[in-house]
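Have a look at the structure below before the remarks.
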Amino acid sequence: MDNAKINRRTKMTKMILKDSLLELIRHKPISKVTIKEICELADMNRSTFYFHYTDQYDLMQQVEQGIIQELNAYINEYIDGKDPIDEYLAIEKILEYMLQNKEVFIALLNGNGSKEFANHIADMVRQYSINEWLRSGAVELEIAEYLYTFAELGGSGLMIKWVNDGYVKPPAEMAALIIKIIRGGVASFMDGEAENI
């Protein structure tokens, strides 16, 4: 059998196992998902599963890593070589990718997947939302860690809410909202209050 045929078969097997896992974690936590359930849903035997993965957590980790790599590649198509990086464009592209792969993100961000995946998304938001501030000197290095935490948790939290609410706002509108909140916090939404803070 030639290598191209084996590679296609391996890709197909891994895709079916991935889809089976994602379907299961839409309904219950990864800790409650069994190899038997994944294999039954995939219509594969356990030896096929174990040929590719050690357990459901290994499968989950590889699925998440693949999504993060694809997402980074997608974003880099638009921002690669740009200096400075347009934070709005970067966040909009993250959201566009999430919308294009909405079933995957619904499964991974509904609270049943691993927390590490949400942390990876949060790191991306942080990276794109504050880099320009630090580069321009608009933010003191001393308070950068606080801003990092705010941008990371706030931005990813908004993205998770957006996914769980069913992607009701378009990516461009959601990106603008995330940036507005990160840049101005609550004060940016309160008429006349910003000056009093």
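The residue that is nearest to PHE117 (Cα to Cα), counting only those in the stretch 54-101 that are in contact with a Ser or Thr (Cβ under 8 Å, 6 or more places away or on another chain) and of a type in the set (D, E, K, R), is GLU64. Does the stretch 85-92 contain at least one residue that is charged (D, E, K, R) and loosely packed, with under 15 Cβ neighbours inside 10 Å? Taking every residue of the stretch 85-92 in turn, at least one turns out to be charged (D, E, K, R) and loosely packed, with under 15 Cβ neighbours inside 10 Å. Pairs meeting the criteria (first residue in the stretch 56-80 and on the phi > 0 side of the Ramachandran plot, second residue at pLDDT below 95, beta carbons under 7 Å, at least 6 apart or on different chains) are lacking. Scanning the stretch 68-103 for residues that are among the β-branched types (Val, Ile, Thr) and not in a helix (DSSP H, G or I) yields a count of 1.
Restricting the stretch 141-166 to residues that are of a type in the set (Asp, Glu) and farther than 16 Å from ARG183 by Cβ, the residue that is modelled with the lowest pLDDT is GLU142.
The single condition among (1) buried (at least 16 other Cβ atoms within 10 Å of the Cβ); (2) over 23 Å from TYR167 (Cα atoms); (3) not aromatic (Phe, Trp, Tyr) that ILE75 does not satisfy is (2). Hey, can you tell me all the residues within the stretch 14-38 that are modelled with pLDDT of 95 or more, of a type in the set (S, T, N, Q) and part of a helix (DSSP H, G or I)? The answer is SER20, and nothing else.
The values are calculated or read from the model by the stated rules, or taken from the named source; none is laboratory data. Quick caveat, the model's predicted, so the values are computed rather than measured. Neighbour counts are summed over all protein chains in view; Cβ atoms, including those assigned to glycine, are modelled from backbone coordinates with ideal geometry.
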